[in-house]
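To start, the structure under review is shown below, and the notes come after it.
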Amino acid sequence: VQLQASGGGLVQAGGSLRLSCAASGRAFSSGAMGWFRQAPGKEREFVAAISWRSDITGYVDSVKGRFTISRDNAKNTVYLQMNSLKPEDTAVYYCAATSSVVGSRNPGRYDYWGQGTQVTVSS
């Protein structure tokens, strides 16, 4: 079971990035997926989650209207489209998988984690 996150990088404020998370094995089977982030010196923070059927999504208030989570079950991949990026979005972003069909804001509800990808937004 592996989750491989990619797509991070350095971008100016107002720019966009799309993160991808490719899953293998049971990590993706019938379960919800989530994105979390962790900035230096801060706790890991929920960013977004999407249900197995993509019919339920959730976002932290600070990214609503700017970030969009989606998934392609045929490709075992979940995406996080990030627009209008701000310096406060700078963090390591992690994807996570849960066996529940609906995601959660609680990181403890996730069974598998990717290695993280760095997103840096300059002002």
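Quick look at the values:
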| quantity | calculated |
| --- | --- |
| Answer residue from region 26-43, given it is over 12 Å from the mean Cα position of the chain (by Cα) and basic (Lys, Arg) and is modelled with the lowest pLDDT among those | ARG26 |
| Residue check, LYS64 under 14 Å from the mean Cα position of the chain (by Cα) and either within 23 Å of SER123 (Cα to Cα) or open to solvent by 50 Å² or more (accessible area, probe 1.4 Å) (or both) | yes |
| Qualifying residue in region 32-50 (condition: within 14 Å of THR68 (Cα to Cα) and without any contact (Cβ under 8 Å) to a residue 12 or more places away in the chain) | no |
| Leading residue by the ranking (surrounded by the fewest Cβ atoms within 10 Å (Cβ to Cβ)) among those in region 3-25 that are touching a residue at least 40 places away in the same chain (Cβ under 8 Å) and under 12 Å from ALA97 (Cβ atoms) | SER24 |
| Selection count, region 102-116, where residues are touching a Ser or Thr at 6+ places or on another chain (Cβ under 6 Å) and either in a strand (DSSP E or B) or of a type in the set (A, V, I, L, M, F, W, C) (or both) | 1 |
| Checking LEU10 against (1) part of a strand (DSSP E or B); (2) modelled with pLDDT under 95; (3) under 21 Å from SER123 (Cβ atoms), the condition it does not meet | (2) |
| Residues located in region 58-68, provided they are without any contact (Cβ under 8 Å) to a residue 24 or more places away in the chain and of a type in the set (Ser, Thr, Tyr) | TYR59, THR68 |
| Any hit, region 48-59, residues being surrounded by 14 or more Cβ atoms within 10 Å (Cβ to Cβ) and in contact with a Leu (Cβ under 9 Å, 6 or more places away or on another chain) | yes |
| Tally, over region 90-123, of residues that are open to solvent by less than 60 Å² (accessible area, probe 1.4 Å) and touching a Leu at 6+ places or on another chain (Cβ under 9 Å) | 11 |
| Qualifying position, being of a type in the set (S, T, N, Q) and at pLDDT below 95, among SER62, SER84, SER70, SER54 | SER54 |
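The values are calculated or read from the model by the stated rules, or taken from the named source; none is laboratory data. Since the model is a prediction, treat every value here as computed from it, not as a measurement. We place every Cβ from the backbone using ideal geometry, glycine too, and count neighbours over all the protein chains shown. With ligands, DNA and RNA removed, areas are computed over all heavy atoms of the protein, side chains included. Shrake-Rupley method; radii C 1.70, N 1.55, O 1.52, S 1.80 Å.
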